[in-house]
Amino acid sequence: MAVRGVLALARWPRLVVAPMGRPLHLGGAPSWAGHNRWSKVKNVKGPRDLARSRLFQRLSVMLRAAAREGGPDPALNPQLANVVEQCRAKNMPKASIEAAIRGAGDDGRGDATRLRAEGGGARGATGPPGPPRGHGGGAGGGPGGRGSGRRPG
């Protein structure tokens with residue numbers, strides 16, 4: 001390429017040959033190569049993070065159920081202690097573990113009950129409210145959408 005100790009310039013990256021004969025890289029690659037990095041993040045890290053978040057969600061549900069059944073203290077609740085060990089084995093953050101255990105508490109709602117709404121309809125009909133009836137999906141026709149049901153012609 002060039003004689004030792006003399007600057008040898010390549011196109012990119014700039015290459016300088018040091019007096020010892022080893023090349024020194026000055027400057028980086030051109031900026032237009034960054035698209036490959038994003039595609040790797042998107043295609044490799046994205047699915048991995050999705051699987052990890054699903055795992056943490058499933059573990060937090062197990063934590064809340066165990067804390068609800070036996071109490072929030074892992075020393076007194078062996079089922080909760082077992083789930084906490086599973087969480088630590090899967091590298092779940094401590095803050096997430098504690099938040100899931102706290103989430104099993106009462107939340108200040110008291111005794112939660114389900115309510116059923118009923119009302120009077122046309123001509124005295126009563127019952128639970130159903131889906132809205134009308135012209136459906138915007139394609140004309142009845143409740144099913146997709147036209148009036150008549151064939152053209």
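Considering the dipole of the range 60-107 built from charges on the beta carbon (Lys and Arg +1, Asp and Glu -1) around the Cα centre, which of CYS87, ALA104, ALA65 is farthest to its positive end? Towards the positive end, the residue furthest out is CYS87. Accessible surface for the range 60-107, divided over its residues, is 62 Å² per residue with a 1.4 Å probe. So which lysines pass the test for LYS90, namely a Cα distance under 22 Å, with those fewer than 8 places away in the same chain ruled out? List returned: LYS45.
Here the accessible area is traced with a 1.4 Å probe on the protein chains. For the range 60-107, carbon and sulfur cover 53 percent of it. In terms of packing, defined here as the mean over residues of other Cβ atoms within 10 angstrom, the peptides 57-70, 89-102, 38-51 line up highest first as 57-70, 89-102, 38-51.
Over all other residues within a Cβ to Cβ distance under 15 Å of ASN43, the charged ones net out to +4, with Lys and Arg as +1 and Asp and Glu as -1. If you take the square roots of the eigenvalues of the alpha-carbon gyration tensor of the range 60-107 and sort them as a ≥ b ≥ c, do you get rounded (a/c under 1.5), prolate (a/b over b/c) or oblate? Judged from the Cα gyration tensor, the range 60-107 comes out oblate (a/c at least 1.5, b/c at or above a/b).
Neighbours of ARG58, meaning other residues whose beta-carbon lies under 12 angstrom from its beta-carbon, give a summed charge of +4 when Lys and Arg score +1 and Asp and Glu score -1.
The values are calculated or read from the model by the stated rules, or taken from the named source; none is laboratory data. The model shown is predicted, which means the values in this text are computed figures rather than measured ones. Cβ coordinates were reconstructed from backbone atoms using ideal geometry, including for glycine residues, and neighbour counts include every protein chain displayed. Only protein heavy atoms, including side chains, enter the accessible area calculation; ligands, DNA and RNA are left aside. Shrake-Rupley method; radii C 1.70, N 1.55, O 1.52, S 1.80 Å.
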